[in-house]
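Okay, structure first, notes after.
Derivation of every value follows stated rules applied to the coordinates shown; laboratory data play no part. What you see is a predicted model, and the numbers here were worked out from it, not measured in a lab. Here the Cβ is made from the backbone with ideal geometry for all residues, glycine too, and neighbour counts use every protein chain on show.
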Amino acid sequence: FKDFLPSFWSANAWSFAGQLAQLIFAWFILMGLGIHNNILAYQLVFLLSSIVAVLPLTIGGVGARELVFVYAHQYAGIEETAAVAFSLIFFLISAAVSLMGALVKVDLDKNHK
């Protein structure tokens, strides 16, 4: 993997920054839902659910992330309904932002032709 060595550290730094940004935005969503206890537990389950959402179990991870929250609530000491609501809100925000990006990409492609 000699070709990838020059970008290894910068790619890992960008990946870490992306995960940190997701945790910050997750914190904002939790505050918006009025959740002030067990923030780290919610965020740990959130990171675990992100891993599961990437697995090819469902289309786009829909439902897989929520299932992690349903099963993890009893082990992590988080409220099940609030955790699922948090997961759905995060998914909806991610989908809306991705859709905006797709529209911008389509518009840029039209301008270059």
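A few remarks follow.
- If you run the Gaussian network model on the chain, springs between alpha carbon atoms under 10 Å, then out of Leu48, Leu57, Leu67 the most flexible one is Leu57.
- Between the Cα long axis of helix 5-32 and the first principal axis of the chain there is an angle of about 40°, rounded to the nearest 10.
- Highest-MSF residue in the chain out of Phe16, Phe25, Phe91 [GNM, Cα springs under 10 Å]: Phe16
- Segment 2-111 - percent relative contact order, Cα under 8 Å, separation 6 or more: 21
- Angle in degrees between helix 64-76 and the longest Cα principal axis of the chain, rounded to the nearest 10: 40
- Which label in [x] 35, 18, 10; [y] 29, 20, 14; [z] 23, 18, 15 gives the computed semi-axes √(5λ) of the Cα gyration tensor in Å: [y]
- Each residue of segment 81-86 is assigned a 3J(HN,Hα), and the resulting list reads 5, 5, 5, 5, 4, 4 Hz, derived from the Karplus form 6.51 cos²θ - 1.76 cosθ + 1.60 (θ = phi - 60°), x at Gly and Pro.
- For the chain, with +1 on Lys and Arg beta carbons and -1 on Asp and Glu, the positive-most of Leu47, Phe69, Gly18 along the dipole: Gly18
- The GNM of the chain, with springs linking C-alpha atoms under 10 angstrom apart, assigns the highest mean-square fluctuation among Leu47, Leu33, Leu103 to Leu103.
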